[in-house]
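The values are calculated or read from the model by the stated rules, or taken from the named source; none is laboratory data. This structure is a prediction, so every number in the text was calculated from the model and none was measured. Note that each Cβ is placed from the backbone with ideal geometry, even for glycine, and that neighbours are counted across all protein chains shown. Surface areas here come from the heavy atoms of the whole protein model, side chains and all, with no ligands, DNA or RNA. Shrake-Rupley method; radii C 1.70, N 1.55, O 1.52, S 1.80 Å.
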Amino acid sequence: MIHWTSCRWQTTHFLASWLPFRLPSNVKIIVSTLPEKYGILDTLKQKLQDESCFCEIPALSYDTANAIIERYLLQKRRTLTQHQRQLLLSAFSRSPGPLFLKLLLDEAIKWKSYTQENQIDLAESVQVAISTLFRRLESKFGQVVSSHALGYITVGLNGLSEIEIEDALSCDDEALNDVYRYHNPPVDGIVRIPSVLWARIRFEIREYLVERLSEGKHTLNWYHRQFIETARSMYATGQQAEKLHTVLAETFIADNGVKRDITLSRRKITIQNADRQVTPKPLIPENVRKLRCLPYHLINAGNNIDGYLIKDSCFCNLNFISSKLSAFSTSSFLEDINGLLNQKDDDEVWLIQQFFMVCKADLSQPPKLAFNLLSYINAGPEQISLIKLLKKVHEYLVSSNKPSLMPLYPGFTPHQNTESALEASFLDCSEILSYSSDMILFRQDSRQTGEDTETLTLYNINTKDLHTLSLSDSEKRINEFHFDGSRVIYTSATDINIFDIETSTTSKVSFKNILKTHTSPISGLTTLSSDAEHFVIVFEDCNVLVFETASMTKINQFSCGELVKDIIGIVCTSIDKLGVIVLGQKETRDSNRQSGFIKLFYQDHSKEQKCKSISDSFAKGLFYLSGSDDAIVGAVNNRNKSKIISTNLESFEEKCLANVGSQIVQLAGSKTEDLTVALTEEGSFYIIKNGDVIKTGFDTDNAINCFGPYWEQNNLFLGDCQGNVLQHDMLTSKNNKIIKTQPGRILKTILPFKDQLVILDKNKEMGVWSLPTTISDSSKTSKLSKNNIANEILTYEVCCLDVNGHSLVMACKDNIVRLWSLQEMRLQKQFDFGIIPEKCHFADDTFIFGLARSTGIIKMVNMVDGSFIFGDLKITCLDFTISKDLKTVYVLSRGPSGDLNVLVLSPRLGVVKKQFSLKQTLAFVKIDISVNLNERYLILRLKCTENEISAIKGTSKARANLRHQYKFSAVDLEQGNGAVTTCYRYMTKTPLLGEVTEPYQNNSMMVASGRTVLFWDIPTGKCINRVHKAQKKDMMSRSWWIEGDCKGTSFAIAQSRDGNVVGVGSEDGYFIIYNANTGMPVGNCLPTSKHNAAVVNVVCSPDSKWFVSACENHVIKLWDSKSAVEVFSFRVDADIQQIKFSMNSKYLVVLKGSKVLMYKLNPGK
């Protein structure tokens, strides 16, 4: 039971959006409220329109009051004379309520039988009776102590425990000065309220207090709302309330008690550093009472507490933040922050708020919290509390025993404007198939390989995790996709498929075990019930099957009957009144006339099935079930005019909500209110509330072509034909332009979520935008701090980068190559390359090489004097690579006649040491090069043409590698004769297809192909599996170590510089570190953790101590190469393009999207 007006609520809570209106049949909620308070009753009646759900509590009757009086007097062993009883009942009649009667009786039991009428003074109302009780306490125990004690109980969060009340009174100098009027404190140096004094006050009011459990502690609170209101009006308003909160805040801040000077004016003494004997309240996650109460009292203390103290003890205190997040949720801490910002404007706390709104990482672990604070918070020199916080964070990470990465600047700074609020972007997104409260399922054309499977993408907008759902050829005839928690349900021609997102496994329920005749589902005609408890399918023979969602067992079957021309759609109500509604068209003699029908099938067989013919049928996809499951609202599109109609499912009464001039293209309705929104093909809008049209059209510059409703906040997000998104407030009818995508883009779909806005345009680009950024006041962006390093380096649009021992080189889209000092964190030099390099590299620590692949132009600059070398080389460069000692550059170029040439350059000498042409003509889509371990061979990685892949597919022995698109060749640099050696599958002349290569030992290379790593002997061209002789297992093969079916290929390989270990990342998320000599995993077991998406990037530190792996979900993990254990991980907010260690292994540089992130490696202790 909830008594609404007795709780501490925020204003928005009175809108009742938190209150569930659909409940299981065995669950009931009783809500009590006062009709005149906050409009709550009107809100409830609007959302719950069944009058039988409301019951007005009448006044206490005279007879009931008499019975209560009799019983109460008997319990107290007291009696009243007949005249006294009449006086009592006469007073009660002024306000006939239980509480007032209780207060009158407590006064009456003090009467004597001879008490005269003129000595009896009964209150006229509850408030007066309570005030009289409080005044009596003041006269008995002193006005100051009594009023303060009652005030503390009133303002305490869920009341106060007895020790908290004593602590508060002991820190209250006014109360202590009143208590010690006639004698000094009994113990020198200690000043505390006498415990017996509070005990006596409590005894007097014991029957009006209730004991509750609050955050693990027993607290005392007023047992009725009117006691709270009266005590607040008498003792806890304005400055007096702020004083009470100030004292309570002091007691909760105290980690080790309170010692403070006090002057007892009545005794004319001052006690220095007086110990108040306050109970220590350590700042630890287990002390949930302190974590809950401290911010509450700090916020409500007004200006009595300095703003810096509030921040330093709470909102900018690392220990408090860490403890709060460990004990509670992030949303709980955000409520505290919002409470402070609602009362006072503070730039530093606003930045903390932005951090928690934008950061989606799990912050309950202190290392993750510390890392993300450094990554997001951009503190300026004037923001003292934030600087202290970040200093503590840095000290915490440095002193940590565990290895970690420390950001050198806040690379994840909250978005400063709507243009930079884009959180994620997906290209080639042809269609959004389904979505839930936190997941989106969509199809990307670039993921389709044209083979026997189709791959769909699942994106979690909260965690930013990516999952893939692969459909076999037999599953490609798919109906609608539906989310049921962590499952996706869909049908094929033969089965119901249930895909578990967490385990990436699919289970099936075959139709042949359910249906007697062979028939298939009708495409697009499946649905979940409004409470997701049931799943409904319509088949080609017009049979309707109902399944229980959890077990996928059939519970009912209906037939739509004959004369059905077409079935338009299907909906299913909730479990309380489970019914299936089928909408369709009937066969008619007049082919020009469409006749529709609505059929209602009840799960309860005692109810009669209903069918109603309607003059026009609903348009496909343009209908919805009302929030109360009692009506179908839909659009009827005719040639001349269209309309929106509502059909009551009980009476089948039809009501026209609006007549519309042109075809309706989008329709949506609220689940909690009688509210409908429609859009026509001409861009006209209709908002219909409670059956009346309240809005037609919008004042916009461009035509609106799609919308997305966010009912919880009464917002509509409108997309126009120029790529703009406008926020329309349905309460105020105001428009606010919040997002401008690329000009001229036509928006196709808008999906608002709690903190994100998903937008799909007709160019097949889907963006995920941060809603808190886009709809916040633009003036607040000025509060973002100015960190010179972050502001400078994050403005660069970087294409590629490289790192040596002390510097970072960044090739930017403005043709400038910039040299940045890692240690000093400043820009050293910059050079105008005149091209936009897509690959850059240090050479000999003095030179920078840059290649624009699109034009084939390569440039080389001397960092000392800025001069360009090899300027006379007129070549079309395909790729280049650098030797291990950085002294030699190998270049592959294409000549005018199409022949391929190899050049060996010495940057220091400025000469071409060797040059020759390849003897063999190579066909490829793309090529990149590297060298083997001893640098005798130049390794070519060639992306095959479609014709070559087709030819290779024709060889049966290569079927295990059909997913790969790359083949590999080698050129002997020592001989320089241009001969090309191809990497073949063992015992064949078929080129091996794989993903990547990595130098192994001497003249051999490792090749990632399928589930294993193959070993390519370059001189012979043979590529084979190697077997560990003792264990008789393939070297570097996941299939020996993963239980069950091992799926997916290996995507990335890196060998340590000392040659002892090899790290391999694979499609199933595993990153395994193998012993390079034995090929067995370090520790002879799989790692205890893995990525949740394909590992696409792997790098090893030059000192061979660390590996870093990165996956498609933008997660980066740091691994100890010796133990093969993950020691740290974090997520970035864009695709990871490059990862590089500095040559001294102290720094890690990440290129995510076009922005550079820098981290210092803390090896731990």
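What number of residues within segment 186-197 satisfy the criterion of being in a helix (DSSP H, G or I) and over 50 Å from the mean Cα position of the chain (by Cα)?
Start the filter on segment 186-197 by keeping residues that are in a helix (DSSP H, G or I), which leaves 195-197.
Pick out the ones that are also over 50 Å from the mean Cα position of the chain (by Cα) and you get 196-197.
Going through segment 186-197 one residue at a time, the tally reaches 2.
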Long-range neighbours under 6 Å by Cβ, at least six apart or interchain, first residue farther than 28 Å from residue 20 by Cα within segment 700-727, second modelled with pLDDT under 85 and hydroxyl-bearing (Ser, Thr, Tyr): 723/741
So, in segment 907-932, exactly how many residues are outside any strand (DSSP E or B) and touching a residue at least 60 places away in the same chain (Cβ under 8 Å)? 6
Tally the residues that are surrounded by 10 or more Cβ atoms within 10 Å (Cβ to Cβ) and modelled with pLDDT under 85, restricting the search to segment 50-59. 2
Which numbered condition residue 137 misses (of (1) closer than 30 Å to residue 179 by Cβ; (2) open to solvent by 20 Å² or more (accessible area, probe 1.4 Å)): (2)
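Only residues that are assigned to a loop (DSSP other than H, G, I, E, B) and either in contact (Cβ under 8 Å) with a residue 40 or more places away in the chain or over 19 Å from residue 512 (Cβ atoms) (or both): list them for segment 485-499, please. Quick ask: steps written out before the conclusion?
The first filter runs over segment 485-499 and keeps only residues assigned to a loop (DSSP other than H, G, I, E, B), leaving 485-486, 492-494.
Within segment 485-499, 485, 486 qualify.
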Hey, residue 231 at pLDDT 90 or above, part of a helix (DSSP H, G or I), under 26 Å from residue 141 (Cβ atoms) and open to solvent by less than 10 Å² (accessible area, probe 1.4 Å) or not: yes
Count, please, the residues in segment 77-109 that happen to be within 20 Å of residue 129 (Cβ to Cβ) and open to solvent by 70 Å² or more (accessible area, probe 1.4 Å). 5
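Only one residue in 679, 657 is under 31 Å from the mean Cα position of the chain (by Cα) and part of a strand (DSSP E or B). Which one? Show your work before the answer.
Details: 657 fails: under 31 Å from the mean Cα position of the chain (by Cα).
Just a single option satisfies the conditions, and that option is 679.
May I ask you to verify whether residue 143 is under 26 Å from residue 212 (Cα atoms), of a type outside the set (Ser, Thr, Tyr) and open to solvent by 10 Å² or more (accessible area, probe 1.4 Å)? Don't jump to the end; show me each part of the working.
Details: under 26 Å from residue 212 (Cα atoms): no; of a type outside the set (Ser, Thr, Tyr): yes; open to solvent by 10 Å² or more (accessible area, probe 1.4 Å): yes.
Criteria not met by residue 143.
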Reported set for segment 858-884 where residues are farther than 20 Å from residue 831 by Cα, within 49 Å of the chain's Cα centre (by Cα) and open to solvent by 90 Å² or more (accessible area, probe 1.4 Å) is 884
Counting only residues that are part of a loop (DSSP other than H, G, I, E, B) and either open to solvent by 50 Å² or more (accessible area, probe 1.4 Å) or not hydroxyl-bearing (Ser, Thr, Tyr) (or both), segment 802-847 contains a total of 18
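Taking segment 1049-1096 only, how many residues are closer than 22 Å to residue 930 by Cα and surrounded by 17 or more Cβ atoms within 10 Å (Cβ to Cβ)?
Of the residues in that region, 17 qualify.
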Screening 1105, 1090 for residues that are at pLDDT 95 or above and among the basic types (Lys, Arg) leaves only 1105
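A quick yes/no check of all residues on (1) modelled with pLDDT of 85 or more; (2) touching a strand residue (DSSP E or B) at 6+ places or on another chain (Cβ under 9 Å); (3) open to solvent by 40 Å² or more (accessible area, probe 1.4 Å); (4) in a loop (DSSP other than H, G, I, E, B):
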position: 695; (1), (2), (3), (4): no, yes, yes, no
position: 699; (1), (2), (3), (4): no, yes, yes, yes
position: 706; (1), (2), (3), (4): yes, yes, no, no
position: 716; (1), (2), (3), (4): yes, yes, no, no
position: 735; (1), (2), (3), (4): no, yes, yes, no
position: 739; (1), (2), (3), (4): no, yes, no, no
position: 751; (1), (2), (3), (4): yes, yes, no, no
position: 754; (1), (2), (3), (4): no, yes, yes, yes
position: 758; (1), (2), (3), (4): yes, yes, no, no
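In a strand (DSSP E or B) and either open to solvent by less than 20 Å² (accessible area, probe 1.4 Å) or within 19 Å of residue 968 (Cα to Cα) (or both), is that true of residue 891? Walk me through it before giving the result.
Working: in a strand (DSSP E or B): yes; either open to solvent by less than 20 Å² (accessible area, probe 1.4 Å) or within 19 Å of residue 968 (Cα to Cα) (or both): yes.
So residue 891 fits the description; yes.
Here's the yes/no breakdown for (1) farther than 24 Å from residue 257 by Cβ; (2) open to solvent by less than 30 Å² (accessible area, probe 1.4 Å); (3) not in a strand (DSSP E or B):
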| site | (1), (2), (3) |
| --- | --- |
| 166 | no, yes, yes |
| 169 | no, yes, yes |
| 181 | yes, no, yes |
| 184 | no, no, yes |
| 199 | no, no, yes |
| 207 | yes, no, yes |
| 210 | yes, no, no |
| 213 | yes, no, no |
| 218 | no, no, no |
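Just to verify a result, which residue in segment 521-534, among those that are more than 27 Å from residue 628 (Cα to Cα) and surrounded by 17 or more Cβ atoms within 10 Å (Cβ to Cβ), is modelled with the lowest pLDDT? Write out each step before concluding.
Of segment 521-534, the ones more than 27 Å from residue 628 (Cα to Cα) are 521-523.
Retained after the next criterion (residues that are surrounded by 17 or more Cβ atoms within 10 Å (Cβ to Cβ)): 521-522.
Details: 521: 74, 522: 69.
Result: 522.
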How many residues does segment 21-49 hold that are part of a loop (DSSP other than H, G, I, E, B), open to solvent by less than 80 Å² (accessible area, probe 1.4 Å) and of a type in the set (D, E, K, R)? 1
Do any strands (runs of 3 or more DSSP E) lying entirely in segment 933-1048 carry at least 1 residues that are open to solvent by 30 Å² or more (accessible area, probe 1.4 Å) and either within 20 Å of residue 880 (Cα to Cα) or modelled with pLDDT under 90 (or both), and which ones are they? 937-943, 966-972, 980-982, 997-999
Could you list, in sequence order, the residues of segment 575-603 that are in a loop (DSSP other than H, G, I, E, B) and at pLDDT 70 or above? 578, 603
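Go through segment 535-551 residue by residue and tally those that are open to solvent by 10 Å² or more (accessible area, probe 1.4 Å) and in contact (Cβ under 8 Å) with a residue 24 or more places away in the chain.
Step one: list which residues in segment 535-551 are open to solvent by 10 Å² or more (accessible area, probe 1.4 Å), which gives 540-543, 548, 550-551.
After this cut, where a residue has to be in contact (Cβ under 8 Å) with a residue 24 or more places away in the chain as well, the list is 541-543.
The total comes to 3.
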Could you say whether any residue in segment 1116-1125 is over 21 Å from residue 403 (Cβ atoms) and modelled with pLDDT of 90 or more? no
For segment 1137-1163, give me each residue that is of a type in the set (D, E, K, R) and assigned to a loop (DSSP other than H, G, I, E, B). 1146
Within segment 1106-1141, track down each residue that is of a type outside the set (Val, Ile, Thr), under 14 Å from residue 375 (Cβ atoms) and open to solvent by less than 20 Å² (accessible area, probe 1.4 Å). 1128, 1129, 1130
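Looking at this structure, is residue 912 surrounded by fewer than 18 Cβ atoms within 10 Å (Cβ to Cβ) and β-branched (Val, Ile, Thr)? Explain how you work it out, then say what you get.
Numbers: surrounded by fewer than 18 Cβ atoms within 10 Å (Cβ to Cβ): yes; β-branched (Val, Ile, Thr): yes.
Yes.
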